[in-house]
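Peer 1: First the structure, then my questions, so here it is.
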Amino acid sequence: MFAPIRCRPTPTDPTTHINPYHRPTNPPRAVQSHFRRKAERRYLARLRKRTDAETESELIDEHITLAEDERTVLAKADLSNAQRIAADEVHQRTPRETTSPSLLQRGKNATYAIRAAAKRTAQRLIKNRPHVQFAPQVQVLSDPATPRTLTVTYDSGADGHYISEDDRRQARLPALRKSTKRVGVANGETCRGKHVTQLPIQQLSVSATEADTFDDFPHSLMSVGKTADAGTISIFTQQGVTVHKEADVLITCKGEPILIGARDDRGRYRIPLVQQRGQWQPRVPTKRAKRTLRQANSVYDLPSTEQAIKWMHAVCGYPVKSTWLAAVEAGNYTGWPLLTARNVRKYYPESTTTAKGHMNQTRKNVRSTKPKPAPFETYDTRALRGKKQRDVYCKIYDVRETIFSDQTGQFPTRSLSGNKYIMVMVEIDSSSILV
């Protein structure tokens, strides 16, 4: 037996002991199952086989390419090859000069042309049906260019719809009557209208689609204000603009407006460019206007708390009262307005939909299989005290013509025939069991 060697203590470790005969023990490795090792070997074998096949195919293709290149080089270097000599002779030949047809051939060609022309003329006169004809000269025809899409500029600065006369003709809009409209343009001049037309927008009224046409306008303008007078709301975004009916839009604003403008008598929208003291500035919305802007359709609009609980009970799928209360108390409906455990207990609606959703289940405690506990009886054993006797009492019981039965409890799963109970009977004489 060897004693451990004590080393001189170091400043970092004053009590260091080293045993040179001590071997550190490695932690036990997890033993892999036989099935997993077999599956891993099969996978590696398939992978190795696939890799070998791919490598072999690449090697064969490379050798075939090298052999073909070598044969090509040798064939080009062989100047005595008969095939190469024949090919060089063909390449060195001068092209054959084309000669004009003979007089006899010219006559035959003229006869064929006269015969074909007479046949076509007879067919055109006798049988009035279309035939394929070839043009005497080659002509290159191309498809007509795709017509441009007619668009109008949706302008908030225009007090009416102004359409250029060229766009009216191209869109085939009707000219109802002469126009008496005069419009001032950006260069200070005045343009006179030519016709009054109707825009093909069926969702707007007749007065909202009435427009004037001008010869001097290069682009057509559609007025935002005149469209808004017809009961519409225009929504401008970074990608485009959409026009909706006023009854179909509900706008909710979360913050204060950046700019507020007003509409003048001519239907144009104006926003102050510089906001200084003494000048007209944007109107600040009142508290009532802010409340109206921020108000949206929610459960708060219902007339009473009872109606709100009834509506949310239908939204949740008509749950039973106990289940709904447990979910509310667990915090699953946090954020639902007016939906508290107190309101559910007070205003829970007894609807027939809830009962119809639970008609396929059996109520509990209808036919219990648990035995009732018998009361604990106590006996007076003072009269039994005395001298111990070694008496044995026997009783004979005839089990013939006797049947024992047992009614099991309810099974958790219903059978295919629709039963959940099994009755077991034992007959003594025949020693049979009936189920």
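The values are calculated or read from the model by the stated rules, or taken from the named source; none is laboratory data. Bear in mind the structure is a predicted one, so any value in this text is a computation, not a measurement. Note that each Cβ is placed from the backbone with ideal geometry, even for glycine, and that neighbours are counted across all protein chains shown.
Peer 1: Would you pick out the residues in the range 141-161 that are assigned to a loop (DSSP other than H, G, I, E, B) and either modelled with pLDDT under 65 or charged (D, E, K, R) (or both)?
Peer 2: Within the range 141-161, Leu141, Ser142, Asp143, Pro144, Ala145, Thr146, Pro147, Arg148, Asp159 meet the criteria.
Peer 1: Kindly check whether there is at least one residue in the range 192-200 that is under 49 Å from the mean Cα position of the chain (by Cα) and among the hydroxyl-bearing types (Ser, Thr, Tyr).
Peer 2: Checked against the condition, which is being under 49 Å from the mean Cα position of the chain (by Cα) and among the hydroxyl-bearing types (Ser, Thr, Tyr), the range 192-200 yields at least one hit.
Peer 1: Could you tell me how many of the residues in the range 235-251 are part of a loop (DSSP other than H, G, I, E, B) and either in contact with a helix residue (DSSP H, G or I) (Cβ under 7 Å, 6 or more places away or on another chain) or surrounded by 10 or more Cβ atoms within 10 Å (Cβ to Cβ) (or both)?
Peer 2: Residues flagged as part of a loop (DSSP other than H, G, I, E, B) and either in contact with a helix residue (DSSP H, G or I) (Cβ under 7 Å, 6 or more places away or on another chain) or surrounded by 10 or more Cβ atoms within 10 Å (Cβ to Cβ) (or both) within the range 235-251 amount to 1.
Peer 1: Going by what's in this entry, would Thr237 be described as under 28 Å from the mean Cα position of the chain (by Cα), over 28 Å from Gly184 (Cα atoms) and modelled with pLDDT under 75?
Peer 2: Answer is no for this residue.
Peer 1: Give all pairs with beta carbons closer than 9 Å in which a residue from the range 367-378 that is part of a loop (DSSP other than H, G, I, E, B) meets a residue that is of a type in the set (Val, Ile, Thr); count only pairs at least 6 apart in sequence or on separate chains.
Peer 2: Thr369/Thr408
Peer 1: Oh, and also: Please go through the range 162-178 and give me each residue that is part of a strand (DSSP E or B) and hydrophobic (A, V, I, L, M, F, W, C), ordered by number.
Peer 2: Matches in the range 162-178: Ile163 only.
Peer 1: So, in the range 179-198, exactly how many residues are in a strand (DSSP E or B) and either among the aromatic types (Phe, Trp, Tyr) or more than 14 Å from Ile163 (Cα to Cα) (or both)?
Peer 2: Summing the residues that are in a strand (DSSP E or B) and either among the aromatic types (Phe, Trp, Tyr) or more than 14 Å from Ile163 (Cα to Cα) (or both) in the range 179-198 gives 2.
Conditions tested, residue by residue: (1) farther than 18 Å from Arg169 by Cβ; (2) basic (Lys, Arg); (3) part of a strand (DSSP E or B); (4) at pLDDT below 90.
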| position | (1), (2), (3), (4) |
| --- | --- |
| Gln203 | yes, no, no, yes |
| Asp216 | no, no, no, yes |
| His219 | no, no, no, yes |
| Ala230 | yes, no, no, yes |
| Ile233 | yes, no, yes, yes |
| Cys253 | yes, no, no, yes |
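Peer 1: List every residue pair whose Cβ atoms lie under 7 Å apart, where the two residues are 6 or more positions apart in sequence or sit on different chains, the first residue falls within the range 414-435 and is under 16 Å from Ile403 (Cβ atoms), and the second residue, located anywhere, is assigned to a loop (DSSP other than H, G, I, E, B) and at pLDDT 80 or above.
Peer 2: Val435/Ile422
Peer 1: Give me the pairs: first residue in the range 386-404 and within 30 Å of Met423 (Cα to Cα), second residue at pLDDT below 70 and surrounded by 10 or more Cβ atoms within 10 Å (Cβ to Cβ), beta-carbon distance under 6 Å, and six or more apart or on different chains, which are they?
Peer 2: Going by the 6 Å Cβ cut-off, there are no qualifying pairs.
Let's see how each residue does on (1) at pLDDT 75 or above; (2) loosely packed, with under 10 Cβ neighbours inside 10 Å:
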{"position": "Arg263", "(1), (2)": "yes, no"}
{"position": "Pro282", "(1), (2)": "no, no"}
{"position": "Lys287", "(1), (2)": "no, yes"}
{"position": "Glu306", "(1), (2)": "yes, no"}
